[in-house]
Each structure stands twice: as C-alpha cells, then as structure tokens.
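Step one of this worksheet: look at the structure below.
No lab work stands behind these numbers, since they all come straight from the coordinates. Computed from a prediction, not measured in an experiment: that's the story for all the values here. Glycine gets a Cβ as well: all are built from the backbone with ideal geometry, and neighbour counts include every protein chain shown.
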C-alpha cells in the first residue's frame, strides 16, 4: 500500500507482533553483548562473614586487597542479623514481601559501606544503588573494584515467593543477575562453609559434601536447606552468559585467589540447559 502521508515508520520485526506470542519470543533469541567480560563478581556474606568479627574479616580483607591487584572485581555484600530482625518484625506486623525486600536492602547497604571502608585504601568504595548500574562500566574501568549492596532493586515489585513471605531474590541472586546482565567472567559466593552439603553441616555431622552438581540434579535431591538463594537455580537455567557459580569458604581466604583464577576449590553449581556443561 502506498504511503501518501509522508510519515516515516519505524522498521521493526516486532512492530506488529504480540509480545505474548511464543513463536515471536523464540525469534528474539539473538546473541548477547558481554559488557564486562573480564570482570568477576564476588559476593561476601553479611551474617556469615562480615558479622563474624575481625578474626574472620581481616584475613579476607587482605585476600581481597591482594586479589584487587590482579583482577577487576564487583563485590556484592549480603544482609545480616539486622535483616532477620526486621523480617521478624515485619512478618509479625503483616508487611508484604515487597516492603520486606526494601527494608533488607537498607541493611545490605550498611554492610556495603563497612566493606567499602575496610577496602578504601585500595581505591574501592561502596556505590549508591541509584547510580550503580548506570555508571558501573565507568567505575570499574577507573578503579580495581566496586561494591554494591547485592539486593536486586525489585523493591515493592519483589516477586511473591512460592512459600512464605520472605523475598526470594536476596543478595546471592542479585549478584548472579548483575553478572548475567553485564556478561561478567565468573561469580564466586564467599560463605562460612566449604560449599554445598546434603544437609547443614553445622547440624548434621553425616552431611556429605557436594563438589559439583547441575541445577536439575540439585532439584531432584530436594534438600531441606541451601547455602544460597534457591531462585538462583532458575536464574542459571534461563541465563545466556553466566552458567555457573562457585561457593567457597571465607574462613580460608587463600581460596579466593584460586577461585578467581578458575580453580575448583569449593562447590560449583551449573546449568546444562544453555551452557552445554557436562559433569566431571
């Protein structure tokens, strides 16, 4: 049909399509740009590491300082005991999940500032959430590392969890989502345990260590507890750029450099759906 209106129309293969059509959605599966392909994301536990005291924190700070000499790092920080207290109060008052998510972000931001202070001599500081995502490439190319609070900014729009009211997307999953968005090289979770076990090793001496496992295999085990946000299994399976993460023991700070170098020193959880990984 001839266009006599002299109007210019935007050429787009989605212009006249429904964004709810599965065939159309399948056609959008295109290559994704890695914005920060050499940068690694390290998540530091709040309650498990930062609130464990100087005997645990100071050696890890030294290990992080050494790692920053060789690597570009994005450091995510977890929530701590304060979030658990706030959750308890909020649940008692009937606060919705979205409000609980917003409150937990404030706690994680406080821990981010603590970590930023301890690493300030290395030129690493905590970046306010409002500018972190937009200016992240500039910051990471200017300094050896940056710190953020780890909580995904869903805030009041946090997804309702399948069980209970505690937000499903917490600081572990926030670090994984960030790494996926920017196409980072790896994700390392620094906890107070060696890695993944069949049960909580602090409560069950018979708990068996799991060095490597796929998301499908882990779901089939149906473990009662995990040392990371369970929603990370779903995120891995839908991710295009990041296909695994490793959990290491923060009480053994020498493991950090080895994990950043690509060594298997903890538990690796991976997805076979898009990555083509095969278990060793």
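How much FRET efficiency would the formula 1/(1 + (r/R0)^6) give for residue 206 and residue 264, where r is the Cβ-Cβ distance and R0 is 22 Å, rounded to 0.05? Mind dumping the intermediate values first?
Details: r = 24 Å, r/R0 = 1.09.
Taking R0 as 22 Å, the efficiency between residue 206 and residue 264 is 0.40.
What's log10 of I(q)/I(0) for the range 34-270 at q = 0.14 Å⁻¹, Debye sum over Cα points only, no solvent?
-0.88
How high is the relative contact order of the chain? Use alpha-carbon pairs under 8 Å, at least six apart in sequence, and give a whole percent. Don't skip to the answer; put the middle values down first.
Numbers: 494 pairs, mean separation 57.7, N = 280.
Answer for the chain is 21 percent.
According to the square roots a ≥ b ≥ c of the eigenvalues of the Cα gyration tensor, what is the shape class of the range 35-120, taking rounded for a/c under 1.5, prolate for a/b larger than b/c otherwise, and oblate for the remainder?
It is oblate, given that a/c is not under 1.5 and a/b is not larger than b/c.
Divide by every residue of the chain the summed helix terms, -39500 (n - 2.57) for each DSSP H run of at least 4, and state the resulting mean residue ellipticity at 222 nm, rounded to the nearest 500 deg cm²/dmol.
Mean residue ellipticity, 222 nm, calculated: -11000 deg cm²/dmol.
What is the antiparallel percent of DSSP beta bridges lying wholly in the range 146-280, to the nearest 5?
In the range 146-280, approximately 45 percent of DSSP beta bridges are antiparallel ones.
Which of the peptides 132-140, 25-33 is most tightly packed, and how do the rest follow, judged by the mean count of other Cβ atoms within 10 Å per residue?
Final packing ranking: 132-140, 25-33.
What distance in nm lies between label points placed 7 Å from Cα along the C-beta direction at residue 143 and residue 81?
Reported label-point gap for residue 143 and residue 81 is 2.9 nm.
Please report the antiparallel percentage of DSSP beta bridges with both residues in the chain, rounded to the nearest 5.
On the way: 6 of 28 bridges.
Antiparallel: roughly 20 percent of the beta bridges in the chain.
To test your reading of the geometry: what angle, between 0 and 90 degrees and rounded to tens, separates the Cα axis of helix 54-67 from the longest principal axis of the chain?
Relative to the chain, helix 54-67 is tipped by roughly 50 degrees.
Using the Kirkwood radius over C-alpha pairs as Rh, can you work out the diffusion coefficient of the range 95-192 via Stokes-Einstein at 10 °C, viscosity 1.306 mPa s, in µm² per second? Can you show the working numbers first?
Numbers: Rh = 14.3 Å.
Value of D from the Cα-based Kirkwood radius: 111 µm²/s.
Quick check: the angle from helix 171-182's long axis to the longest principal axis of the chain, C-alpha only, nearest 10 degrees?
Helix 171-182 and the main axis of the chain meet at about 40 degrees.
Per-residue counts of other Cβ atoms within 10 Å, averaged by peptide: what ranking do you get for 234-244, 82-92, highest first? Provide the component values of the computation, followed by the final result.
Numbers: 234-244: 18.3, 82-92: 15.5.
In descending order of packing, they fall as 234-244, 82-92.
Helix 97-118 versus the longest principal axis of the chain: what is the Cα-based angle in degrees, 0 to 90, to the nearest 10?
So the inclination is approximately 60 degrees.
In the calculated pair distance distribution of the range 184-270, what percentage of Cα-Cα distances lie above 21 Å? Write down the numbers at each step before the final one.
Values: 1010 of 3741 pairs.
Across the range 184-270, Cα pairs with separations above 21 Å total 27 percent.
Counting DSSP beta bridges in the range 34-193, what percent are antiparallel, to the nearest 5?
0 percent
Rounded to the nearest 0.05, what FRET efficiency do residue 217 and residue 19 have when you use their Cβ-Cβ distance and R0 = 35 Å? Numbers along the way, then the final one.
Numbers: r = 34 Å, r/R0 = 0.96.
For R0 = 35 Å, the calculated efficiency reads 0.55.
What FRET efficiency would be calculated for the residue pair residue 238, residue 66, taking the C-beta separation as r and a Förster radius of 45 Å, to the nearest 0.05?
Values: r = 35 Å, r/R0 = 0.77.
Efficiency, from the Cβ-Cβ distance: 0.85.
Taking the Cα centroid of the range 107-152 and of the range 187-233, what is the distance between the two, rounded to the nearest whole Å?
28 Å
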